[in-house]
Amino acid sequence: MNLDQIAGIAHQPKGTARGVAVLTHGAGGNRESELLQRICDEWARRGWLAIRYNLPYRRRRTKGPPSGSAATDRAGIHEAIALCRSLADGPLIAGGHSYGGRQTSMVVAESNPPQVDILTLFSYPVHPPGKPEKPRTEHLPDIRVPTVFTHGTSDPFGTPAEVRDAAALIAAPTEVVEISGARHDLGSKTLDVPALAVDAALRLLR
C-alpha cells in the first residue's frame, strides 16, 4: 500500500518512528493547509511519522465544500487509518481540522475496538456558527479513546465552555487546549499551536 491511495504526504522523522500521526483538513481546505503542515512538522520533529491527506471529496474536485456523501469521506478515513497503521510500529494518532476532525471522530466512535490510540481535533465544529441549538455532539459519548480538543477562544463554531461541555461527553480522558483570541483557523501570533496540541496528545498517551 502507498500514500497515493489517500493523496497523502509524509513528514519523516529522523530515525525510527515512535508512532504515526494521520491528519486531514477542514471543509474548504486540503492537505496543503498551513495548519496541517505545521502540525505534521511538529510531530516529525518529535520523532513521529506524520501523514496529511485529502478526503475523498477533495480528491474528486480541487475546490469547494464537501460534496457527495459524508459516509464516503468516513470510508476514506477508515482507509487512511488502516494504511497508516501499516507504515510504522507504535501508537496511532488520528484527527483533523473542523469537518475532517468531526468525520474522524465519527469513525472513531463507530469503531469497536478503537482503531486509534489518541484522537486530536482542531477547531471541532460543536455547532454551525450562530446556531448553538444544532449541536454536532450526538456521537461523542461513543468515543472511548483519549481526545484532545485544540480550539480558539473566538471560534464561532463553539465557545470554550461549549467545547468543554462537548469534551465531557467522551468516555475517556480529554484535554482542551484553548488558543486565546484565535478563530476557526487557529492562527496565533503569540502561541505555538502545533507544539501545544502535540504536548497535550503526548500527555494523554502517557
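Summed over segment 108-137, residues that are out of contact with any Leu (no Cβ under 8 Å at 6 or more places or on another chain), over 30 Å from ASP89 (Cβ atoms) and not basic (Lys, Arg) total 9.
Reported count of residues in segment 86-115, each being under 19 Å from PHE157 (Cβ atoms), in contact (Cβ under 8 Å) with a residue 60 or more places away in the chain and open to solvent by 20 Å² or more (accessible area, probe 1.4 Å), is 2. Of the residues examined, ILE77 is not one that is under 20 Å from ASP192 (Cβ atoms) and crowded, with 23+ Cβ neighbours inside 10 Å.
PRO132 meets the stated requirement of being modelled with pLDDT under 95, out of contact with any Phe, Trp or Tyr (no Cβ under 8 Å at 6 or more places or on another chain) and farther than 21 Å from SER86 by Cβ. Of the candidates ARG58, ARG31, ARG52, the single residue that is buried (at least 19 other Cβ atoms within 10 Å of the Cβ) and part of a strand (DSSP E or B) is ARG52.
What tally of residues in segment 13-28 results from selecting those that are open to solvent by less than 30 Å² (accessible area, probe 1.4 Å) and either farther than 17 Å from ALA80 by Cβ or touching a Cys at 6+ places or on another chain (Cβ under 8 Å) (or both)? Residues meeting the conditions: 5. Summed over segment 7-28, the residues that are aliphatic (A, V, I, L, M) and assigned to a loop (DSSP other than H, G, I, E, B) give a count of 3.
Screening CYS40 on (1) touching a helix residue (DSSP H, G or I) at 6+ places or on another chain (Cβ under 8 Å); (2) within 28 Å of ARG206 (Cβ to Cβ) shows it passes everything except condition (1).
Of the strands (runs of 3 or more DSSP E) contained entirely in segment 97-206, those carrying at least 3 residues that are over 25 Å from HIS78 (Cβ atoms) and β-branched (Val, Ile, Thr) fall at 174-179.
Condition check: surrounded by fewer than 17 Cβ atoms within 10 Å (Cβ to Cβ) and touching a residue at least 60 places away in the same chain (Cβ under 8 Å). Does ARG38 satisfy that? Judged against the criteria, ARG38 is a match.
Inclusion of THR153 among residues that are touching an Asp or Glu at 6+ places or on another chain (Cβ under 7 Å), of a type outside the set (Lys, Arg), touching a residue at least 24 places away in the same chain (Cβ under 8 Å) and open to solvent by 10 Å² or more (accessible area, probe 1.4 Å) is warranted.
The values are calculated or read from the model by the stated rules, or taken from the named source; none is laboratory data. On a predicted model such as this, the values are computed, not experimentally measured, just so you know. Ideal geometry is used to build each Cβ from the backbone, glycine not excepted, and the neighbour counts take in all protein chains shown. Heads up: the accessible areas ignore ligands, DNA and RNA and are worked out on the full protein's heavy atoms, side chains in. Shrake-Rupley method; radii C 1.70, N 1.55, O 1.52, S 1.80 Å.
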